[in-house]
1. Take Ile93 and tell me if it is free of Cβ contacts under 8 Å to residues at least 24 places away in the same chain, open to solvent by 60 Å² or more (accessible area, probe 1.4 Å) and aliphatic (A, V, I, L, M).
2. Going by what's in this entry, would Arg232 be described as in contact (Cβ under 8 Å) with a residue 24 or more places away in the chain, surrounded by 14 or more Cβ atoms within 10 Å (Cβ to Cβ) and outside any strand (DSSP E or B)?
3. Looking at segment 103-138 only, could you name the residues that are within 23 Å of Leu173 (Cα to Cα), free of Cβ contacts under 8 Å to residues at least 60 places away in the same chain and among the charged types (D, E, K, R)?
4. Could you list, in sequence order, all residues of segment 116-148 that are touching a Gly at 6+ places or on another chain (Cβ under 7 Å) and open to solvent by 60 Å² or more (accessible area, probe 1.4 Å)?
5. Looking at segment 294-318, which of the residues that are of a type in the set (Val, Ile, Thr) and either open to solvent by 40 Å² or more (accessible area, probe 1.4 Å) or assigned to a helix (DSSP H, G or I) (or both) is modelled with the highest pLDDT?
6. Just one of the numbered conditions (1) modelled with pLDDT under 85; (2) within 18 Å of the chain's Cα centre (by Cα); (3) open to solvent by less than 50 Å² (accessible area, probe 1.4 Å) is not true of Lys335; which one?
7. Going through segment 188-220 one residue at a time, which ones are out of contact with any Ser or Thr (no Cβ under 8 Å at 6 or more places or on another chain), among the hydrophobic types (A, V, I, L, M, F, W, C) and open to solvent by 20 Å² or more (accessible area, probe 1.4 Å)?
8. Which residues, counting only those in segment 252-267, are assigned to a helix (DSSP H, G or I) and touching a strand residue (DSSP E or B) at 6+ places or on another chain (Cβ under 8 Å)?
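The values are calculated or read from the model by the stated rules, or taken from the named source; none is laboratory data. It should be emphasised that the depicted structure is a prediction, and the values quoted were computed from it without experimental measurement. Counting neighbours? That spans all protein chains shown, and the Cβs are built from the backbone with ideal geometry, glycine included. The protein model used for the area step is the full one, side chains on, heavy atoms only, and it has no ligands, DNA or RNA in it. Shrake-Rupley method; radii C 1.70, N 1.55, O 1.52, S 1.80 Å.
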Amino acid sequence: MIANNLTYSQSLRALATGLLIVTTTWCKAQTVLVPGEKVLDKKWIRNGTYEMACYASSGGQQVEISSFTIKINSTDKALSVYTALQMTGSDDIWVDTSIADGNTFKPVYRSSFSPAKEMVVNYGKEVTGYYYDKQTKKRHTIKEGGNNAFFDSNTYPYLLGLLPLTTGYKNDLAVYDFKPGNQTNTKKARIEQVKSNLYTSNLTGEHKVWQVNVYEEATKDSYVYYIDKDTRRLWKVEILTQGQQLLLIDKEIDYNPFTTQFDKATTLKLVTTGNSVIIGQAFARDNQNEGMLKGIAIFNINKKQHAQAGTSVILIPYTDFYKEWIKLNDAARKKGRAIPLPKEAAECIKVTTVYDKEGHFEFTNLMPGEYLLYTEFGYEHTSSRTEVVGYTDTYINGMFQGSRANTTTYNVSTNAAAAIKKTITIKADGDKIEVKLKKTL
């Protein structure tokens, strides 16, 4: 199973880096970095809550297997990192807490709780604590000397963001990562390469990034971080672990392009507490005309093709917020992107279905206001085409008088789709509005 090949700590390290902002001055790596180094600049830490999605390759497609929530809190006394992971389709949650000194970044405390293990580590003059393997039921006592000349394995990725990244930058960091059976728990995280690259977000477009390649001696895993050059935000992480490739993507939960404030309580009342109804019919009027008459329906000639039973019809309360969303989304689609509708706004959109063969649908419990109706369905489109199959020449008294084209007309049937929008206004509570959603091809 894909999820079993991904350790929690591996994923946490991968998603940490870009949540901090860093400087861009040059630094030559000659020695292994340890806590207290002046090259680490804490003023660039970004406090806040972030989310990232983890994907694995399956059948040639990227499948989301887990989601991370990360909270960073930095003060003069401590840098605290709280992380929660939830596997897709599971209620189990992995929780990690890492605390380091707020100035030197020396590790102070680490805990990790998951269905597979428990671990608590206290850093001081000695490293003490325990590691409990829930599968083997074995408890390992942690007690070893330590002058804290290392970073905690769950904290160091956040400190990568404090380094002076630039093209060609290299460095090593001393990292403590306890594993039962290790001869030594302090090993290097090696920054092997930094160079320029581009990342394209589905929401915000292209971003110039630093591509940072890191190799962990402890896990033998490789990471490629894509960190924004201007903001030092982490957009993407590629992971190679135990021969498997994983991908972490920032969900951009803080993205908000809207200037109009959304009021869920008021909007929800529009579609749930009124006494008005909309009764409608959805159909396409097939058009066989060509040339100048294309798209013009001829009464009683062009055949109606109704939306089939089960076809979805959407009703959007057409407030200023939804109007702005549609405008932003139309502009984004021209650039190959889309503006997602916030969850609370999506919850105020009503959906019904066509209930018979004649394309009929209904909406109830509506208050006075403006609404946008939308539906899309497929049908068979028939058009007439004329083809020249030959010519007839005319002669009088042996002299050529002209030529006439011989033609044949035939019908061609193709699959077509009708996407229909219509704005409806309910003026008074209790009104009954009848509407036809129609399109002529």
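1. Numbers: free of Cβ contacts under 8 Å to residues at least 24 places away in the same chain: yes; open to solvent by 60 Å² or more (accessible area, probe 1.4 Å): yes; aliphatic (A, V, I, L, M): yes.
Spelling it out, Ile93 is indeed free of Cβ contacts under 8 Å to residues at least 24 places away in the same chain, open to solvent by 60 Å² or more (accessible area, probe 1.4 Å) and aliphatic (A, V, I, L, M).
2. Yes; evaluated as a whole, the condition is true for this residue.
3. Arg110, Lys125, Glu126
4. Selection gives Asn122, Glu126.
5. Among those residues, the one meeting the criterion is Ile314.
6. Result: Lys335 fails condition (3) only.
7. Hits for segment 188-220 are Leu198, Leu203.
8. At the first step, the residues of segment 252-267 found to be assigned to a helix (DSSP H, G or I) are 264-267.
Matches in segment 252-267: Thr267 only.
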